[in-house]
Amino acid sequence: MEQKEYAIYIHGAGSGAKSGTRSSFMKCFPEYEWICPEVNEDPEESVAKIDEYVRVFSPAIIAGTSMGGLYTLYADAPEAIKLVCNVTLNIESVLRKLGYGSHPFFCEREDGRTEYIIDETMVRAFTAYKKAHEIIPGRKNLGIFSTDDELIGQVESRKNAKLLEQAGFTIIWSDKFGHRLNEHVAKKIPGWIKETD
């Protein structure tokens, strides 16, 4: 039996390796073996973990949503297709909008944590990381944005899309979802990737 190629999914804040979005990608890209490393709110630690997975598995695709999309941008995977959805380039304002304090995770985590804490130290860590690092494009780059993202907001979404476009990403807008990717939109992604050839 032929070995499948690998693909990596990076979940957002408030989620984990058992994210339902990973299941959507698995259904829409059955030709790949999907791996979902569990990341946290420390960008330095999380991107280093993703880079290690890239070195081990040499993924054909690395996909990330929300905070996971941000981490995907900085992952050292120039040979992979990079796919980001509702990426939080403005993560500092998103975290402040969510509010300082404790927040429950949306799914069971492999590390056993049930909540995460947003504070100013976390916010400043993201600012420092983004200032110290540059986006690393993949061999093909696709940014998907909702026209009705209730978390990021339309003004910031358009700013984020423009920044990604300047970094070499093809931008696609959809009115079929909010901040969280759904299976209806995920089904369209393989076709969108082909259209960028």
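The values are calculated or read from the model by the stated rules, or taken from the named source; none is laboratory data. Since the structure is predicted, the reported quantities are computational estimates derived from the model, not experimental observations. Neighbour counts run over all protein chains shown; Cβ positions are idealised from the backbone, glycine included. Areas reflect the complete protein model, heavy atoms only, side chains present, ligands, DNA and RNA absent. Shrake-Rupley method; radii C 1.70, N 1.55, O 1.52, S 1.80 Å.
Odds and ends about this structure:
- Leu163 meets the stated requirement of being part of a helix (DSSP H, G or I) and open to solvent by 10 Å² or more (accessible area, probe 1.4 Å).
- Comparison of His133, His184 shows that the only residue that is open to solvent by 50 Å² or more (accessible area, probe 1.4 Å), under 25 Å from Ser23 (Cβ atoms) and touching a Phe, Trp or Tyr at 6+ places or on another chain (Cβ under 8 Å) is His184.
- Filter pass, Tyr71 being in a strand (DSSP E or B), at pLDDT 95 or above and farther than 15 Å from Ala186 by Cβ: no
- Verdict on Lys97 being open to solvent by 60 Å² or more (accessible area, probe 1.4 Å), of a type outside the set (S, T, N, Q), without any contact (Cβ under 8 Å) to a residue 60 or more places away in the chain and under 23 Å from Glu134 (Cα atoms): no
- Taken over the stretch 142-160, the criterion of being touching a Gly at 6+ places or on another chain (Cβ under 7 Å) and either assigned to a loop (DSSP other than H, G, I, E, B) or open to solvent by 20 Å² or more (accessible area, probe 1.4 Å) (or both) is satisfied by Asp148, Asp149, Glu150.
- Restricted to the stretch 12-62, and to residues there that are of a type in the set (A, V, I, L, M) and not in a helix (DSSP H, G or I), the residue that is nearest to Leu151 (Cα to Cα) is Ala13.
- Pair list, Cβ under 9 Å, 6 or more apart: the stretch 137-154 residue over 23 Å from Pro190 (Cβ atoms), other residue assigned to a loop (DSSP other than H, G, I, E, B) and open to solvent by less than 10 Å² (accessible area, probe 1.4 Å): Leu151/Asn86; Leu151/Thr88; Ile152/Asn86; Ile152/Val87; Ile152/Thr88
- The residues of the stretch 168-196 that are touching a Lys or Arg at 6+ places or on another chain (Cβ under 9 Å), without any contact (Cβ under 8 Å) to a residue 24 or more places away in the chain and not basic (Lys, Arg) amount to a single one, His184.
- Filter pass, Ala77 being outside any strand (DSSP E or B) and buried (at least 19 other Cβ atoms within 10 Å of the Cβ): yes
- Residues being out of contact with any helix residue (DSSP H, G or I) (no Cβ under 9 Å at 6 or more places or on another chain) and part of a helix (DSSP H, G or I) - total across the stretch 166-183: 1
- Any hit, the stretch 84-96, residues being within 21 Å of Thr147 (Cα to Cα), aliphatic (A, V, I, L, M), part of a helix (DSSP H, G or I) and in contact with a strand residue (DSSP E or B) (Cβ under 8 Å, 6 or more places away or on another chain): yes
- Scanning the stretch 14-45 for residues that are of a type in the set (A, V, I, L, M) and open to solvent by 30 Å² or more (accessible area, probe 1.4 Å) turns up just one, Met26.
- Residue in the stretch 138-150 that is touching a helix residue (DSSP H, G or I) at 6+ places or on another chain (Cβ under 9 Å), aliphatic (A, V, I, L, M) and at pLDDT 95 or above present: yes
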